[in-house]
Amino acid sequence: MNWILLVVILMNAFLAAASAVCASEEERYVFKSDDNEEHFYIYDNKEKTPVTEAKFKAEANGFGATPSFQEGLAIVSTDEKTSFYVDYQGNDVTGRRFEYAGEWENGLAIVCEKGIDKYGIMNRSFEYVVDPVYECIENVVYLDVEDGEYKSGKFYRLYTEYGPDRYESGLYSQIDGLIIDCDLMFICALETGEWYAQDDKDRGNIYNDKGEIIKADVPFADIPEWVE
């Protein structure tokens, strides 16, 4: 019995250590401010030394005062006007500058590249999976009906027009591509796991997550609860 207990203890200790190693890779590299707190450098929390002498300012998008890593990359700036992505060693991984550089989620990020001035979506190979031709792109929060949790990073609203008086939007699925064409004024996620989209009138259609109409000509007042 003592041997069995010892084996269990050792196994638990091993699993705990392995879990700590796996979980610590992103946490191992953090940004530490210099004395005047206007610049940051990457700090190796394991070795307790700066990884690089390169210093960065907080990124230009206003996500936070201190840069941080998501999916192995961080958004930084050197001029507080444009942003770019760096890896754990502080290397500029794209060589491009962005008017807007979004955080990574499920291997995708919304960007507005300097010189293009339109929004698109990039993958981790820094290739456009959605061409940069849109006035705005939003990462949509939706309800995953299988586990009852609110999630994002799977659906995106694409706007060909984006302004106070007129919107023209469509819906992009990470799995199925463009599932609702960009000619609708309003698209929202429903708490049934479906989508409601309407034009500039007060009626619209309910779609499934493949972009298929499952109920047509529905007044806005009659739709189920919506997520956002």
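Listed values, structure above:
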quantity	calculated
Contour excess over end-to-end distance, with Cα ends at Asn61 and Glu127 and 0.36 nm allotted per residue	21.7 nm
Partner lysines for Lys201 [C-alpha distance under 22 Å; skip if fewer than 8 residues away on the same chain]	Lys215
Contour excess over end-to-end distance, with Cα ends at Arg166 and Glu212 and 0.36 nm allotted per residue	14.1 nm
Restraint check, Lys154/Lys210; Lys81/Lys151; Lys32/Lys55; Lys81/Lys118, Cα-Cα greater than 20 Å	Lys81/Lys151
q = 0.21 Å⁻¹, segment 92-182: log10 I(q)/I(0) [Debye, one scatterer per Cα]	-1.05
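Bear in mind these aren't lab numbers, they're just calculated from the coordinates by the rules spelled out. Quick caveat: nothing in here was measured; it's all calculated off a predicted structure.
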